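Shown next, in structure tokens, is the structure this report addresses.
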Amino acid sequence: MTASDPHNSPQAALQRALGTLGPLDEKTIEARTDAYFGRTRHIVEHFGDSRVTYAVFIRRPVIAACGLVVQWLKNVAKAQGFALECREMYAEGEWVGAGEPLLYLTGSFIRLAPLETLVLQRIGSTCVAAHNAYQMAMALPTIPFLAMDARHCAGFEMQEQMAYAAGVGSRAAQKEGARGFIGNANDATAGFFGLDAGLGTMPHALIGYAGSTLRAAEMYDEVYPNDPLTVLVDYFGQEITDALAVCRRFPERAAKGHLSVRLDTHGGRFLEGLDPQTSYGVLERHTPGTIRRYRSDQELRDLVGTGVSAAAIWRMREALDHAGFHHVKIVVSSGFNVAKCSTMRDAHAPIDVIGSGSFIPDRWSETYATADIVAYDGQPRVKLGREFLLQKVRDSHETSKDIS
């Protein structure tokens, strides 16, 4: 991408990604919505339409990430030929308190009733994931992240929502000086990060195919000689040995900072050469006192336990530096959620890049959004207990815009 070409700008890439959102046709939408919304539409068609206003909100604090659903609504309104007014109460990436309305949607009851289920699918989990991505980025503000959420998603629509959320949360964190998520692992949603293609080099499967970590690195280098090389080093349980072998095979890449080793050691074992006692020793050498500040069993595991612990990362850095490979980078993955990122910050772990899909909400009940009609033909009316939505709608008119 070049800054001089507006068609290749990050914003243009984002708009290309948003422009393809669906579904758009009435038949598919009605098949996917809750049946009582379809029945409501037919009843209203029989007795006469009403101009209604919906308030959309979620019961926990989030980062506003409404662009995906707003663009989808815009696409639907254009495809079906109806007018729709959308009032966004918060700018994209802005913090939203629990229960605060995110959107007010005004239009034909006949047209809007079938959309409610699909609107809620696209907004709740997206805003929660954006909040998580923001927190992860702020916990380790100097470290870039790579979004690796797709493999954990239940189909492409969820993948689309999670990638979009990571982009929104990152841009919010970047405004505060953090690096955030600089890209993702697949082409289809790369536009949400201002890219044309996904990032990444090799999976474990390639190393199994090659028969050795070193041979997999050689194969990759032969096919992609001009690209930076990131090598997974945990396949054979010889993270240190295999990392050093690759560095010695590619000394020029190592010296130029074009070589990275990726730690993805699973939670069933320690990094090569470590055990509980040696893990404590590693942290004492590099970050004295950190181990004395842990507050939970999970924090202790993230510091000195199995898998990709702070001790494991420090041990890899120690081995690389001792062998003279000071410019080889360390990429880490495996369960880097908000809590683990905070623990790594406390341990000053020498991480260069984090690959993570752990901004995906882990408590799905917290992602449930709600939509209530708050006005019928201009007359305020809402179910008992939701009167607070009425005051917000009165105060929101200056932010309204027609998105049809």
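Summary table below
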read-out	value
Filter result (small (Gly, Ala, Ser), assigned to a helix (DSSP H, G or I) and open to solvent by 30 Å² or more (accessible area, probe 1.4 Å)) within the range 61-100	79
Any hit, the range 275-283, residues being among the hydrophobic types (A, V, I, L, M, F, W, C), surrounded by 19 or more Cβ atoms within 10 Å (Cβ to Cβ) and over 26 Å from residue 213 (Cβ atoms)	yes
Filter result for residue 200 (under 30 Å from residue 16 (Cα atoms) and either open to solvent by less than 50 Å² (accessible area, probe 1.4 Å) or of a type outside the set (Asp, Glu) (or both))	yes
Some residue of the range 45-60 being under 22 Å from the mean Cα position of the chain (by Cα), among the polar types (S, T, N, Q) and not in a strand (DSSP E or B)	no
Test for residue 309: is it farther than 27 Å from residue 205 by Cα, crowded, with 20+ Cβ neighbours inside 10 Å and touching a residue at least 12 places away in the same chain (Cβ under 8 Å)	no
Some residue of the range 126-147 being part of a loop (DSSP other than H, G, I, E, B) and in contact (Cβ under 8 Å) with a residue 40 or more places away in the chain	yes
Those helices (runs of 4 or more DSSP H) lying entirely in the range 148-246 with at least 3 residues under 25 Å from the mean Cα position of the chain (by Cα)	156-174
Total residues in the range 1-36, condition modelled with pLDDT under 95, surrounded by 12 or more Cβ atoms within 10 Å (Cβ to Cβ) and among the β-branched types (Val, Ile, Thr)	0
Given (1) modelled with pLDDT of 95 or more; (2) out of contact with any Gly (no Cβ under 8 Å at 6 or more places or on another chain), number of the condition residue 269 does not satisfy	(2)
Search result, residues across the range 39-56 that are closer than 21 Å to residue 69 by Cα and surrounded by fewer than 17 Cβ atoms within 10 Å (Cβ to Cβ)	51
Selection count where residues are over 25 Å from residue 281 (Cβ atoms), in contact with a helix residue (DSSP H, G or I) (Cβ under 8 Å, 6 or more places away or on another chain) and assigned to a loop (DSSP other than H, G, I, E, B), scope the range 323-368	8
Inter-residue pairs, beta-carbon under 8 Å, first within 12 Å of residue 316 (Cβ to Cβ) and in the range 267-280, second part of a loop (DSSP other than H, G, I, E, B) and open to solvent by 50 Å² or more (accessible area, probe 1.4 Å), 6+ apart	272/238
Residues within the range 255-288 that are assigned to a helix (DSSP H, G or I) and of a type in the set (Ser, Thr, Tyr), tallied	3
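The values are calculated or read from the model by the stated rules, or taken from the named source; none is laboratory data. Remember, it's a predicted structure, so these values are computed and weren't measured experimentally. When we count neighbours, we look across all protein chains shown, and the Cβ atoms used for this are built from the backbone with ideal geometry, even at glycine. Note: areas computed on protein heavy atoms with side chains; ligands, DNA, RNA excluded. Shrake-Rupley method; radii C 1.70, N 1.55, O 1.52, S 1.80 Å.
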